[in-house]
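First comes the structure, then the notes that go with it.
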Amino acid sequence: MLTCDGLRLAQDDFALRADLRLPKGRVTALIGPSGAGKSTLLSALAGFLAPVAGHIAWDGVDLTDLSPGARPISILFQDNNLFPHLTVAQNVGLALRPTLRLSNTEKAQVAAVLDAVGLTGLGGRKPGALSGGQQSRAALARVLLGDRPVVLLDEPFAALGPGLKAEMLDLVRLKLAGPERLVVMVTHDPDDAKRIADDVVVVADGHAAAPVATAALFDHPPQALADYLGKRVG
């Protein structure tokens, strides 16, 4: 379980508080208006932003003071964070060895994960030679190969068309979600949450609310979510 106890984040005149319990084996969506702090919360979980108060823990181990690389967390950004001078296979292989001095067994692992995300035979290409959807698949492959128990998705598929985005979300559900892994996904689109999320955390008005089952939340949205969706409550 990922826990945020008394977490307080601040940047300039922005502040966010969060007290959360996010169990493993779930896909949890963070939804709310632009500027509410969804990506800020992900940055803190990943270790890129230090909290001004509170603690972050995974399975009882305090992560608050650990560097990003020391945390059991992978994060996938909207720009996919692929290195343009490396091949697709090399970009994915970074999940195993930053030096890219891979053994034959490790090279086989890279090829297998590329197969798993639908990039068979494309490992030798540079990211610039791939479509947007293929680049997203390559970034997802690296996360899969890293095999960390917490995966954070900061709207990595927002630039894709509706069909490709739905395809990538389904791939996340199929390949990343599992009983020992927590997936936390930032989205502005309620349809994304409805498609793959088990739970939703509403981030609004300086607060990240406790997670609620997706269907129940959208059937009876709190005022903050109703305002964001443009719906009436009651």
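The values are calculated or read from the model by the stated rules, or taken from the named source; none is laboratory data. All of these numbers come straight from a predicted model, not from anything done at the bench. No Cβ is skipped: glycine too gets one built from the backbone with ideal geometry, and neighbour counts run over all protein chains shown. Quick note on the areas: whole protein, heavy atoms, side chains included, nothing else; ligands and nucleic acids left out. Shrake-Rupley method; radii C 1.70, N 1.55, O 1.52, S 1.80 Å.
Report, by residue number, each residue of region 115-142 that is touching a Lys or Arg at 6+ places or on another chain (Cβ under 9 Å), open to solvent by 10 Å² or more (accessible area, probe 1.4 Å) and assigned to a helix (DSSP H, G or I).
Scanning region 115-142 gives Ala116, Gln134.
I'm trying to understand the selection: among the residues of region 82-96, which are open to solvent by 50 Å² or more (accessible area, probe 1.4 Å) and outside any loop (DSSP other than H, G, I, E, B)?
Of everything in region 82-96, just one residue is open to solvent by 50 Å² or more (accessible area, probe 1.4 Å) and outside any loop (DSSP other than H, G, I, E, B), namely Gln90.
Looking only at residues in region 62-81 that are acidic (Asp, Glu) and over 28 Å from Leu160 (Cα atoms), which one is least open to solvent (accessible area, probe 1.4 Å)? Steps first, please.
Narrowing region 62-81 to residues acidic (Asp, Glu): 62, 65, 79.
Those left that are additionally over 28 Å from Leu160 (Cα atoms): 62, 65.
Values: Asp62: 79, Asp65: 150 Å².
The qualifying residue least open to solvent (accessible area, probe 1.4 Å) is Asp62.
Evaluate region 93-109: report whether one residue or more is in contact with a Gly (Cβ under 6 Å, 6 or more places away or on another chain) and under 29 Å from Leu20 (Cβ atoms).
If we filter region 93-109 for residues that are in contact with a Gly (Cβ under 6 Å, 6 or more places away or on another chain), which is where we start, we get 95, 100, 102.
So of that shortlist, the ones also under 29 Å from Leu20 (Cβ atoms) come out as 95.
There is at least one residue in region 93-109 that is in contact with a Gly (Cβ under 6 Å, 6 or more places away or on another chain) and under 29 Å from Leu20 (Cβ atoms).
How do the pairs read when you match residues in region 16-30 that are in contact (Cβ under 8 Å) with a residue 40 or more places away in the chain and assigned to a strand (DSSP E or B) with residues anywhere that are of a type in the set (Asp, Glu) and surrounded by fewer than 17 Cβ atoms within 10 Å (Cβ to Cβ), using Cβ under 7 Å and keeping only pairs 6 or more apart or on different chains?
Asp19/Asp5
For region 171-181, how many residues are surrounded by fewer than 16 Cβ atoms within 10 Å (Cβ to Cβ) and assigned to a loop (DSSP other than H, G, I, E, B)?
Of the residues in region 171-181, 2 are surrounded by fewer than 16 Cβ atoms within 10 Å (Cβ to Cβ) and assigned to a loop (DSSP other than H, G, I, E, B).
Being closer than 17 Å to Ser43 by Cα and touching a Lys or Arg at 6+ places or on another chain (Cβ under 6 Å) is the filter here, so list the residues in region 147-192 that pass it.
Hits for region 147-192 are Pro149, Leu182, Val186.
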